[in-house]
1. Just want the ordering: B:I62, B:I90, from fewest to most Cβ atoms lying within 10 Å of their own Cβ.
2. How do B:L34, B:L279, B:L318, A:L236 rank when sorted from fewest to most other Cβ atoms within 10 Å of their own Cβ?
3. With the Cα gyration tensor of chain B in hand, give its eigenvalues times 5 under a square root as the equivalent ellipsoid semi-axes, listed largest first in whole angstrom.
4. For a quick check of your reading of the filter: which chymotrypsin sites (Phe, Trp or Tyr not before Pro) in segment A:86-133 sit in a DSSP loop and have no more than 10 other Cβ atoms within 10 Å?
5. Could you list A:K291, A:K149, B:K107 so that the one with the fewest beta carbons within 10 Å of its beta carbon is first and the one with the most is last?
6. For chain A, what is the mean residue ellipticity at 222 nm derived from helices alone (per DSSP H run of n ≥ 4: -39500 (n - 2.57); sum divided by total residues; nearest 500 deg cm²/dmol)?
7. Which cross-chain or sequence-distant (5 or more) residues have an amide H under 5 Å from the amide H of A:L165, H modelled 1.01 Å from N in plane?
8. Given a 10 angstrom Cα cut-off, can you work out which residue in A:N348, A:N363, A:N38 is the most mobile in a GNM of chain A?
Protein chains: 2
Amino acid sequence: MADYRKMWEDLGMDVDTHDQLCEVLPQAFGDVYLSQENRPEGMDYYNFVVSEIHGVRPAELIEHQKKGGKVFGTFCVYVPDEIVFAADAIATGLCGGSQFWVPGGEKVLPSDTCPLIKASVGARLDRTCPFFRIADMYVGETTCDGKKKAWEILAEDVPVHVMDLPQMKREKDVRAWEEEIKDFKKVVEDFTGNEVTSEKLAESIKLINGKRKALKRLYELRKNENLPISGKDVLLISQIAFYDDPARFTEMTNKLCDELDKRVEEGVSVFEKGTKRILLTGTPLAIPNWKIHNIIETSGGAVVCEEMCTGTRYFENLVDETQTDLDSQIKAIAERYMGIKCACFTPNTGRIDDIIKYAKEYNVDGVIDVNLKFCSTYAVEGYLVEKALKEAGIPVLGIETDYTDSDAQQMRTRISAFIEMLEER
Amino acid sequence: MADYRKMWEDLGMDVDTHDQLCEVLPQAFGDVYLSQENRPEGMDYYNFVVSEIHGVRPAELIEHQKKGGKVFGTFCVYVPDEIVFAADAIATGLCGGSQFWVPGGEKVLPSDTCPLIKASVGARLDRTCPFFRIADMYVGETTCDGKKKAWEILAEDVPVHVMDLPQMKREKDVRAWEEEIKDFKKVVEDFTGNEVTSEKLAESIKLINGKRKALKRLYELRKNENLPISGKDVLLISQIAFYDDPARFTEMTNKLCDELDKRVEEGVSVFEKGTKRILLTGTPLAIPNWKIHNIIETSGGAVVCEEMCTGTRYFENLVDETQTDLDSQIKAIAERYMGIKCACFTPNTGRIDDIIKYAKEYNVDGVIDVNLKFCSTYAVEGYLVEKALKEAGIPVLGIETDYTDSDAQQMRTRISAFIEMLEER
């Protein structure tokens, strides 16, 4: 990794503590990723990005700030990046995927909070995440109890704008979300000093749709019998999508897809024939949370689709690009985002329909419903998801996990048994 | 207890299992309540109500149904009873305060769900709560992740109407709540076949305000140095308020207050001089959850105020009675309910202001912040509450508990130590 110490010091980071993270990540990445055989060449780009995850992109964001630009840190797929980019600002994900940050979060949050929230708050308070240090404003939302209340703690030293996501999906809720987006536009305009015009918004809608189309193209390739890429690698790409420059990400992902197209033509597969095809559904897998993919793909399975925020929920459905005035564009944005099927909504039966649809489209052998501990919405919905899958005759395994390694062996045992069961069907 | 077996059988209850609950309740009530000395005579009414809690009121509700009336089961202080009563229907609380029901809830809900939700769902699914059996419709709300998703499970066999409570308190959120109440009015009208006229609504506003005024009067009496009533007894009254006929409840509570007025004049106290005055804040204490009050009041403390849903949040602020047209009345109802300071809102700083205000008004020696396990909103907010109290120089003890007795000894130790610390100040 290049030397970013000076930059991190200037950001006010706790560099010594952060060094401990920098020491373990390459080893973990090597074990999980570089050990794979026959990886597409196009993965080199993502390998590079992850190897410098706290360096190269943060440096770009700081460059942007030096030119007077603003950076918005976001936590959730419901925050419309289109508005941010239309104001010549940058939206970036924030840290939250490692056990490294959890103890810091537990200093202020109850231990029975989901690891994603504890890690995010810990990364912020312990000053071990450059993205948290760089962001000029955090944008929160009311998608779950834990996050909703965590903003109040994070708001102590950085401006936080919270978007109130409706909890239902009636027509008036879509209208209410439209109003929230208009309020957000005003906040972004005031904060950046840049007007969000319909021309700028049309551009940013295309920009973010481009990213969605590239991810969709990548996922489509996984519908092939011969899998040209591992689930692990796709997960990494999905995770990087939250941080990378959108135009470059789209370009690199399309380039990778060109390579994968050839692989499909040539019948190349990165898995042995008969490897069981698994669809994952559940809570997001923030970088560097690769645990479940790694266990599945070293236990005789291949992850072929993720019905997750780091997965289909991130890229499914495009914003209508044909609208030309601001009101209609914002309406189109609201409608696209309200189409995301998060368990924070009641009811959320559309998600079950999606899972069953994907299970068929991706020709899966079984579904693993994997949820982070203490995520109530997904945990309760899991009961309904698993019931519906059983009724549809699709084998399903429910798993609850956190960021520690303490349950890895138990998970491996259960997942191996599940895959064996699929092999015997 | 009178013999209600036939009625319970007709309700389709699991009478044998329910018998087990009927066997233990009188003992628990005797130990906690009847052992108190010098109780006000007016408590006889509430003793009677609780001794027949699954009998006398359910029988009244069934009578009401026989005359063509409807019963709405509710879970939360945000559901406006005014609308229900204006349609000649009855709103009633539902079971959820005992460990007895928890295992039934755990059959379908994750074990790391709050005991109140698990108990409610268990009481419903195991058919051991007459109120759940009687209610023609359940009215849910989006106040927390656990409840929000639990409706989806409960909705499987009884109609559930969910009200989408905004998660913030901006002007537009109050308007959105007004719209929710209008929708609810429509649902209630359609379901009962009775129109909610402005005259009927004016009556029901007065009816429910009457209950609030009686409870407020009761609480005011606890501001006296000589406490004319125990905290335990007030808790019981607050709990019964959710089930009882509102007019009768108001009458009986005012009658009790007349007696307490005399006690105050005569300087009667149910506690020894020097007993430490405790304000409780946190999650609701549903009947028969008397654990914390019992421990405090047998450890040298007296509970003088509950900043809880079973407490001030239930009766604080009246609905404006001067409005005469439906729109203005509903606006007044919306504004009153949006004034409740539940941790489900972000931010919810008004609650902290209230706690500090009450601590002064009730002349408390210390605050105990008691939250049900796995209630994220109150748990996270607890960090801010306790921080603010410390800054204000008010001693505070944070406790997390559930419905089991397994932590009773540990709680007693901690609470005794807290009260001793207050005595040494």
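1. Working: B:I62 16, B:I90 23.
Exposure proxy ranking, most exposed first: B:I62, B:I90.
2. Details: B:L34 11, B:L279 29, B:L318 17, A:L236 24.
Sorted ascending by nearby Cβ count, the order is B:L34, B:L318, A:L236, B:L279.
3. 31, 25, 23
4. Here no chymotrypsin sites (Phe, Trp or Tyr not before Pro) fit, given the DSSP loop and packing criteria.
5. Going from sparsest to densest Cβ surroundings: B:K107, A:K291, A:K149.
6. On the way: 19 runs with 225 residues, N = 425.
About -16500 deg cm²/dmol.
7. Excluding prolines and chain starts, which carry no amide H, the hits are A:T142.
8. Fluctuation is largest for A:N38.
Only the coordinates and a few stated rules stand behind these numbers; no lab work does. The structure presented is a predicted model; accordingly, all values stated were derived computationally and were not measured. Cβ atoms come from the backbone with ideal geometry, glycine included; neighbour counts cover every protein chain shown.
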